[in-house]
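For reference, the structure is listed below as structure tokens.
The values are calculated or read from the model by the stated rules, or taken from the named source; none is laboratory data. In this text the structure is predicted, and so the values were computed from the model without any measurement. Quick reminder, even Gly has a Cβ in these numbers, built from the backbone with ideal geometry, and neighbours come from all protein chains shown. Keep in mind that these areas ignore ligands, DNA and RNA; they rest on the heavy atoms of the full protein, side chains included. Shrake-Rupley method; radii C 1.70, N 1.55, O 1.52, S 1.80 Å.
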Amino acid sequence: MAGFAGDGVASREALLATARWPRPSRLAQPLALKGKVAEAAESLGLRSVGDLLEYTPRARREGRTVAALSVGETATVVVAVRSITQRPVRRRGMRPIVEATVADETGPMVATFFNQPWLARRYAPGTRLVLHGKYEARNRFRVASHARTDETTRAERMSPTTPRPRDHEYPAARADARGAPAICELYEPLPARLRTRERLPERAAAIEALHFGAGDELEAARRRLAFEELLLLQLALLLRRERRSGEARAVALDAPPALSARWLDGGLPFSLTGEQQAAIAEIALELAGSVPAQRLLMGRSQRQDGRRASRDAARRRIGCTGRADGAHRDARRAALRDDPAPARAGAGHAGTMTGSTPGARRGEILARLGSGELAMIVGTHALIEESVRFRNLALVVIDEQHRFGVRQRAALDAKAPAAWLRMSCT
């Protein structure tokens with residue numbers, strides 16, 4: 001910009017005239033691919049230049065020179081075609097074999113392509129290729145994958161491979177992206193001040209290095225993109241937590257926990273640790289509040305804390321669910337032991353349901369759950385089936401939540417339209 005180092009102050013119009021704005025339309029340009037390369041890209045969902053740029057390689061193959069290859073070695077080389085021919089094969093059903101004399105700055109070798117006779121026309125002398133395959137005796141190279149390239153032949157050069165099948169199609173598609181001026185149009189989500197403080201390259205430079213770079217620039221690119229991914233994920237989680245705290249409301253279980261108080265006061269054959277006491281106090285505070293919460297319990301305190309919360313929920317006649325293995329059956333018995341209300345009603349305030357529960361018994365349990373008669377239920381994944389309805393589900397204790405998939409968690413969340421506290425014991 002004229003007068004950059006001068007004493008004058010540039011006008012707003014002058015600054016806008018020199019500013020460069022991203023043009024996402026360039027990222028939306030379709031890939032200029034044909035034939036099998038286009039089919040492979042389509043199968044991977046790669047339709048635009050932007051799609052290809054965001055499709056990161058899974059690994060890097062270190063480049064080798066021809067002179068450094070040893071017999072039996074599998075390697076990647078960057079070479080130029082000197083001559084190329086095809087010869088017929090006597091075996092019935094096999095296509096002609098293509099043989100090309102290729103070379104880098106260290107020397108020549110013969111590259112063999114099987115079942116691809118059209119390559120004799122495609123790779124004319126002077127074409128630069130990146131070849132991956134096995135070096136065999138008599139200075140011959142059996143090609144497994146190949147593509148045009150404009151890369152150098154330096155040994156330290158590395159060629160990327162994709163995280164999906166048909167890796168041999170990737171270099172050709174990658175070359176299409178490199179030829180397009182779209183990398184500089186990538187959106188930059190990180191402020192300049194943050195990038196400077198963390199010593200991070202711009203996103204466009206990181207994407208380019210990830211596809212075409214090597215050494216320190218490649219490592220810097222990986223660090224930049226990992227930082228961005230984790231930061232955006234954390235921001236999304238904080239935003240979701242903020243919205244949840246501001247909009248959702250939970251049932252306040254603020255009645256005095258007389259049942260668990262008796263349990264904790266001499267009802268255990270051992271003394272609680274400081275961490276267990278702290279976990280119990282924190283859970284009790286959350287149960288009494290109106291803001292939904294989720295709690296992960298780990299270590300020795302998990303079963304005692306889960307039982308304590310289950311007892312309080314059962315005492316207040318609020319639905320509770322968990323796994324119906326032996327430990328949880330013990331937890332249910334411990335929760336209801338010496339409780340006057342359930343004792344008077346027998347086992348009417350708690351139930352158990354698994355996938356093997358008989359139909360008649362299952363129907364009875366479902367009806368009592370829907371009416372709110374059951375204060376607590378212990379079960380397996382059968383409790384998240386669509387037919388199971390809770391009248392007022394406020395507390396869920398899940399043992400070994402790693403056995404729950406995304407859809408199973410969503411199905412369980414749907415059982416409680418109002419917010420609720422979920423404890424996960426792992």
Selection from segment 39-56 of residues that are open to solvent by less than 30 Å² (accessible area, probe 1.4 Å) and not in a loop (DSSP other than H, G, I, E, B) = 40, 41, 48, 49, 50, 52, 53
request  = Can you work out which of the residues in segment 204-241 that are open to solvent by less than 80 Å² (accessible area, probe 1.4 Å) and not hydrophobic (A, V, I, L, M, F, W, C) is nearest to residue 27 (Cα to Cα)?
outcome  = 211
remark   = Output for Cβ contacts, cut-off 7 Å, separation at least six or different chains, first residue surrounded by fewer than 17 Cβ atoms within 10 Å (Cβ to Cβ) in segment 191-203, second among the hydrophobic types (A, V, I, L, M, F, W, C), reads 198/227
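Report yes if some residue within segment 242-253 is closer than 21 Å to residue 54 by Cβ and open to solvent by 100 Å² or more (accessible area, probe 1.4 Å); otherwise report no.
No, segment 242-253 has no match at all.
Scan segment 60-97 for residues that are more than 18 Å from residue 137 (Cβ to Cβ) and within 42 Å of the chain's Cα centre (by Cα) and jot them down.
The first filter runs over segment 60-97 and keeps only residues more than 18 Å from residue 137 (Cβ to Cβ), leaving 60-63, 65, 76, 78-96.
Those that are more than 18 Å from residue 137 (Cβ to Cβ) and within 42 Å of the chain's Cα centre (by Cα): 60, 61, 62, 63, 65, 76, 78, 79, 80, 81.
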